[in-house]
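All remarks here apply to the structure that follows.
The values are calculated or read from the model by the stated rules, or taken from the named source; none is laboratory data. All values reported here derive from a predicted model rather than from experimental measurement. Neighbour counts are summed over all protein chains in view; Cβ atoms, including those assigned to glycine, are modelled from backbone coordinates with ideal geometry.
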Amino acid sequence: MNLNHKLEDIYEKLYRRFGPQAWWPGETPFEVIVGAILTQNTNWQNVAKAINNLKQAKVLSPKKLYSLPRPRLAKLIRPSGYFNIKAKRLREFLNFLFKNYGGSLKKMFNRPPEDLRKEILKIKGIGPETADSILLYAGGYPVFVVDAYTKRIFSRKNILAEDADYHQVQELFTRSLKRDVQLYNEYHALIVRLGKEICKKNNPKCQLCPIK
């Protein structure tokens, strides 16, 4: 079985086991962006609490968050952990958005994905995984998101080298799958589900794995 068919086969098996994941949870593109930044080094339950605080304070929009004093922002996102650092990262993103696009996500997402990715990666505190999550889940660009679960699962399947870097892993998926936003979205979400529940870092439940 060639790599294209192998990756498609894995996707189909994961989809049959877990079904659609409805990821990324967020009512607006801006909420998705905030979630992508807040989810660094924490779990989604904590992020959801922080986002709920922002909603209750009625500040979950670019303009309102931009005008919010940083100490107040840090307090609202406290449940997400590392809240002072994350408040700074949100502020860095908002500075970028208002300086370059007048605070308009629509204008920002009119940029070609390759150019926008380079711009977002220059924002302090935003790495490839966060940038690509913003592009895929908030911008609707066909950009495959890679995370630790992807590397773990596919190196155990001998499809990737354990020391493959982010770009190498992304290139493998992009080259082998059709460029499709919905496919990339669902595939990444299913990989996360498998990594969290079955293909764990320690004590993986290999007997339950749908792709063994």
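What to note about this one:
- Among the residues of this structure, Leu14 does not count as one that is under 22 Å from Pro128 (Cβ atoms) and in the same structural domain as Lys151 (by TED's automatic domain parsing).
- Breaking point among (1) more than 21 Å from Lys13 (Cβ to Cβ); (2) in a loop (DSSP other than H, G, I, E, B), for Leu136: (2)
- Residue list for the stretch 175-197, filter: in contact with a Pro (Cβ under 8 Å, 6 or more places away or on another chain) and surrounded by fewer than 19 Cβ atoms within 10 Å (Cβ to Cβ): Arg179, Asp180, Val181
- Only one of Lys49, Lys86 that is out of contact with any Cys (no Cβ under 9 Å at 6 or more places or on another chain), buried (at least 21 other Cβ atoms within 10 Å of the Cβ), modelled with pLDDT of 95 or more and among the charged types (D, E, K, R): Lys86
- Qualifying residue in the stretch 118-125 (condition: part of a helix (DSSP H, G or I), under 22 Å from Gln56 (Cα atoms) and in contact with a Lys or Arg (Cβ under 8 Å, 6 or more places away or on another chain)): no
- Output for the stretch 149-173, where each listed residue is assigned to a helix (DSSP H, G or I) and either under 16 Å from the mean Cα position of the chain (by Cα) or hydrophobic (A, V, I, L, M, F, W, C) (or both): Tyr149, Thr150, Lys151, Ile153, Phe154, Tyr166, His167, Val169, Gln170, Leu172, Phe173
- Per-region count, the stretch 45-69, residues out of contact with any Gly (no Cβ under 7 Å at 6 or more places or on another chain) and touching a residue at least 12 places away in the same chain (Cβ under 8 Å): 10
- Selected residue [modelled with pLDDT of 95 or more, crowded, with 16+ Cβ neighbours inside 10 Å and not in a helix (DSSP H, G or I)] from Leu60, Leu14: Leu60
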